[in-house]
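The values are calculated or read from the model by the stated rules, or taken from the named source; none is laboratory data. In this text, all values refer to a predicted model and were calculated from it rather than measured experimentally. Here the Cβ is made from the backbone with ideal geometry for all residues, glycine too, and neighbour counts use every protein chain on show. Quick note on the areas: whole protein, heavy atoms, side chains included, nothing else; ligands and nucleic acids left out. Shrake-Rupley method; radii C 1.70, N 1.55, O 1.52, S 1.80 Å.
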Amino acid sequence: MASLIDFFNALGKYDFLQSALLTAIMVGIMSGIIGSFIILRGMSLMGDAISHAVLPGVAVAYMFGFNILIGASVFGVLAALLIGFVASRSKIKTDTSIGVVFSAFYALGFILISMAESSTNLHHILFGNILAVSDSDIMTTAVVLGIVILFVVIFYKELLVTSFDETYAKTYGLKVQVIHYALMLVLTLVTVSALQTVGIILVVAMLITPAATAFLWTDKLVTMLVLSASVGVVSAITGLYFSYTFNWASGPAIVIVAAMLFALSFVFSPKQNFFKLKRSVAR
Amino acid sequence: MLNVKGLTVAYDDTPVFSDVAVKFNAGKITGIIGPNGAGKSTLIKAILNLIKAREGQVDYNGQPMKAVQKQVAYVEQRKDLDLTFPIDVFDLVLTGTYGKLGLFKSPGKAEKAASRSALEQVSLSEFSKRQIGNLSGGQLQRVFVARAIVQQAEIIILDEPFVGIDLQSETAIMRILKQWRDENKTIIVIHHDLNKVTKYFDDLVILNHGIVDYGPANEVYNPKNIESAFSADLSSVLFQEKEGAQ
Ligand SMILES: Nc1ncnc2c1ncn2[C@@H]1O[C@H](COP(=O)(O)OP(=O)(O)O)[C@@H](O)[C@H]1O
Ligand SMILES: [Mg+2]
């Protein structure tokens, strides 16, 4: 308990901790929302791929000193297009195409980063460095959060229908490819924001785990989005507390909390019905 | 009238069918029959622009299909949909209003009322809050028919709607099809059960990698056509039974 009081005292005292908390909350919300669509579309692997494929963009942005959102977006969307291109122009399945493309991008990113910067920076990119967010980082994250919320509110019914029944959407003339690539673009923006909080390796966890947790509790998409964002926020705050108190890296701390919440839901949620399933298997 | 002209469709080098020409009339329920793999679903998908035809055109009352996209409703063959998706029966039916709403508009009172009424017509009102995975096959098929009702389409196409569903659902769907016929819509149904062909359909298209025959169902459904599309055995069994019963 003492550590909890310490945490709140520190929160009152240190700007960097306030900034970290604010950023973590915003990232929790946006990744919870976008992650829901990613898992409902069966695109968890794609989420993982895009989050890794932005690395060269981050490196290039560092090298030439422009906004990493721009660098990352270019490479994220490029990877998504390339994955789609390889899968549709050959007999190769999408998951294979994802594996080939994203590992190539990731490798390129490593090489570029090692050319550009010291190893500490790479460490931060990989594992997150939430205690070092700057005011401009907060601004950028806020802008991305705004974009995510606008995107989902404005295109809610298109996101719903293409996630659930793409063929039907095509029959009435909806441009399902445009929705797909718009979602990939927003996904790359979220990735870049989450990069600072949890690091590139764990971005996928922030996208998938809160959404998967929410999925276990509800049969309504809107509820799932809200729940998923909430799980993201709770994980972010609690993880940050662990990170501060026990001096854990922030990314792993946040992700472990999210995983715990998932585990609890897995056992107790009505949809999963773990106890019932176990009983019926035992019988 | 839905007019298919010189349609050739291929997934790879060999076309599924070549130069198919057929007409579907308004105010009629047209059945499409043919053996497995004959190209029935492919024909429908090409009409719907879900697959690009290699050659040929489809038009509806002289307009290309692209121009009347929002006048078409389609109930797919045994959908491999994600039945765990967080959507309930009512919200699924409501997606039927999306096409005519267009971008940037959410379903309002009128759309919701239309969805409620459609669910009533397929006798599923009390299931409206149920998650779609918790329905029987027949109930789910009726939900898709309710969505087609909500679309207020002029052309309605169903791909093997009666496969694996209960008789009650089949009857309910058949009643809706007849209602659409009375409203002078163009209804196309791919069908697998040859026994009910003349009972269910006004017109019939027999397909086997090309048109075998088409026209009024009771003329086209004859031993010669069935033999040529399916087999002599099947033809003799079907038509002997029929004559024996009369
Ligand atoms: N997506 C596809 N890719 C390649 N071949 C296909 C595809 N879909 C169907 N086919 C082939 O086209 C032929 C016609 O299929 P289909 O139209 O589904 O038949 P039906 O609906 O009459 O049973 C079959 O030989 C089938 O194997
Ligand atoms: Mg078929």
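Things worth noting here:
- Loop-located trypsin sites (Lys or Arg not before Pro) across segment B:18-104 with a Cβ neighbour count of 14 or fewer within 10 Å are B:Lys52, B:Arg54, B:Arg78, with loop assigned by DSSP.
- Order of exposure, largest accessible area first, which applies to A:Ile33, A:Ile254 with probe 1.4 Å: A:Ile33, A:Ile254
- B:His192 accessible area, 1.4 Å probe, all protein chains in place, Å² to nearest 10: 100 Å²
- Helix B:109-121 axis, angle to chain B major axis (alpha carbon atoms, nearest 10°): 50 degrees
- At least 15 Å along the helix axis (C-alpha) and Kyte average at least -0.5, DSSP helices within chain A: A:2-13, A:15-40, A:68-88, A:94-116, A:135-154, A:176-198, A:203-215, A:221-246, A:250-268
- Cα-based equivalent ellipsoid of segment B:1-141: semi-axis lengths in Å, sorted from largest, via gyration tensor: 32, 19, 15
- C-alpha long axis of helix B:232-245 to longest principal axis of chain B, angle in °: 80 degrees
- Ranked from largest to smallest solvent-accessible area, with a 1.4 Å probe on the protein heavy atoms, A:Ser31, A:Ser230 come out as A:Ser230, A:Ser31.
- Mean separation of Cα contacts under 8 Å (6+ apart) over length of chain A, as relative contact order %: 30 percent
- Unit Cα scatterers, Debye sum, chain B: log10 I(q)/I(0) for q = 0.08 Å⁻¹: -0.32
- Span from the segment A:215-243 Cα centroid across to the segment A:122-189 one, whole angstrom: 17 Å
- Of the residues A:Met63, A:Met224, the one with the largest accessible area comes first in the ranking A:Met63, A:Met224, computed with a 1.4 Å probe on protein heavy atoms.
- Volume per residue of the C-alpha convex hull in the protein assembly as shown, rounded to whole Å³: 191 Å³
- Distance between segment B:132-146 and segment A:1-28 - C-alpha centres, whole angstrom: 49 Å
- Principal axis dimensions, segment A:124-283 - Cα atoms, whole angstrom, descending: 52, 51, 22
- Summed over qualifying helices (DSSP H, 4 residues or more, each -39500 (n - 2.57)) and divided by its residue number, the protein assembly as shown shows a 222 nm mean residue ellipticity of -19500 deg cm²/dmol.
- Per-residue SASA entry for B:Glu160, accessible area with 1.4 Å probe, Å² rounded to 10: 30 Å²
- For segment B:2-245, the solvent-accessible area of protein heavy atoms averages 45 Å² per residue (probe radius 1.4 Å; ligands and nucleic acids excluded).
- Ligands, DNA and RNA left out, the 1.4 Å accessible surface of chain B is 47% carbon and sulfur atoms.
- Restriction of the trypsin sites (Lys or Arg not before Pro) in segment A:94-190 to DSSP coil positions whose beta-carbon has at most 15 other beta-carbons within 10 angstrom yields A:Lys175.
- Value of relative contact order over chain B, rounded to a whole percent, pairs C-alpha under 8 Å and six or more apart: 27 percent
- Reciprocal of mean inverse Cα separation for chain A (Kirkwood radius, Å): 19.5 Å
- On Cα atoms only, tilt of B:137-150 relative to the major axis of chain B in degrees: 80 degrees
- Pairs of alpha carbons in segment A:121-207 whose separation is greater than 19 Å (percent): 49 percent
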